[in-house]
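The block underneath contains the structure these notes are about, expressed in structure tokens.
Since every read-out is calculated from the coordinates, none of them should be taken as a lab result. Here the structure is a predicted model, which means the values were calculated and not measured. Every residue, glycine as well, gets a Cβ built from its backbone with ideal geometry; the counts of neighbours run over all protein chains shown.
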């Protein structure tokens, strides 16, 4: 059965990506945030990504218009009660995500499935503030969402088979392959990606090679579409460092402890592509220049 409509709380980069990806595949979306300025920034981000897709001949201007027409914006939770899925895409804070889920539980109808986009937090703990722990599931989308081929579908302790299958159907409707994982800090992608990026940062800090050549080596040597340092810049060094610190606290393994270079760059405001400078420098087109 096709999904009629989804609700997304949070119009930041992840919320934008999920909304765009759903709307591209014909799913109506209600995109929500706490004020109109955040929503305007969110829609502007989606429009910019669609304009880039037009430049690549991936979509037409008419398709862009159709995609945007499927995204409704609201302040607060208005409209969540009429959706098949209610997702949170807010910052990676346990208290914040639990607060959103408690609100969802009050507003959404009984059959609505509640989805968290967390990559490191306990879904079971997030679900504990609701009266429907069997209807909670994790969907960890990779960034950038519209161009990522897969999503990690995460079972919490009490996620029912029916909920899991419904979320699997949503992922398929959005054109995503799923990887089934069970609740554990970092799942698969984050816990494998972070040591890879962290070691590249150490290689740069220790003068093994330049940032450009470290990325070039990994792309040419292993066929990766993007090097580890450009990947870090794409995610955002501040967001990435928060993920590292959380995994280090959760697992106690030194491989997740942020390289000192990360801390220095975050203090200096060199956060990656979003500000034009991270390990590499970026022009207005978003391409790395050195």
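Does segment 69-109 classify as rounded, prolate or oblate by the C-alpha gyration tensor (a ≥ b ≥ c root eigenvalues; a/c under 1.5 gives rounded; else a/b over b/c gives prolate, otherwise oblate)? Display every interim value, and only then the final one.
Details: a/c = 2.25, a/b = 1.43, b/c = 1.58.
Judged from the Cα gyration tensor, segment 69-109 comes out oblate (a/c at least 1.5, b/c at or above a/b).
Can you show me the helix-derived [θ] at 222 nm for the chain, built from DSSP H runs with n ≥ 4 at -39,500 (n - 2.57) apiece and divided by the number of residues, rounded to the nearest 500.
On the way: 11 runs with 133 residues, N = 290.
Taken over the chain, the calculation gives -14500 deg cm²/dmol.
Using 0.36 nm per residue, how much length does the chain from residue 69 to residue 255 gain when fully extended, once their Cα-Cα distance is taken away?
On the way: separation 186, 0.36 × 186 = 66.96 nm, distance 4.48 nm.
Gain on stretching residue 69 to residue 255: 62.5 nm.
Under 8 Å for C-alpha pairs, at least 6 residues apart: give me the relative contact order for segment 189-275, rounded to a whole percent.
Working: 83 pairs, mean separation 28.0, N = 87.
Reported as a whole number, the value is 32 percent.
For segment 206-282, just say rounded, prolate or oblate: build the C-alpha gyration tensor, square-root its eigenvalues into a ≥ b ≥ c, call rounded for a/c under 1.5, and beyond that prolate if a/b exceeds b/c, oblate if not. Please report the intermediate quantities before stating the final value.
Details: a/c = 1.81, a/b = 1.29, b/c = 1.40.
Cα axes put segment 206-282 in the oblate bin.
Given bins 10 angstrom wide, list per bin the percent of all Cα-Cα distances in the chain, short to long.
Over the chain, the share of Cα pairs per 10 Å bin runs 6, 27, 35, 24, 8, 0 percent.
Would you please put 121-128, 249-256, 172-179 in order of how densely packed they are, using the mean number of other Cβ atoms within 10 angstrom per residue and starting with the highest?
Working: 121-128: 19.9, 249-256: 13.5, 172-179: 15.9.
Highest to lowest by the protection proxy: 121-128, 172-179, 249-256.
Note down the nm distance, to one decimal, between modelled labels 7 Å out along Cα→Cβ at residue 162 and at residue 58.
Computed distance between label sites residue 162 and residue 58 equals 3.7 nm.
For segment 115-146 and segment 178-221, compute the distance between their C-alpha centroids and round to whole Å.
24 Å
May I ask you to derive the FRET efficiency for residue 92 and residue 196 from their Cβ-Cβ distance with R0 = 25 Å, giving the value to the nearest 0.05?
Numbers: r = 20 Å, r/R0 = 0.78.
According to the calculation, E is roughly 0.80.
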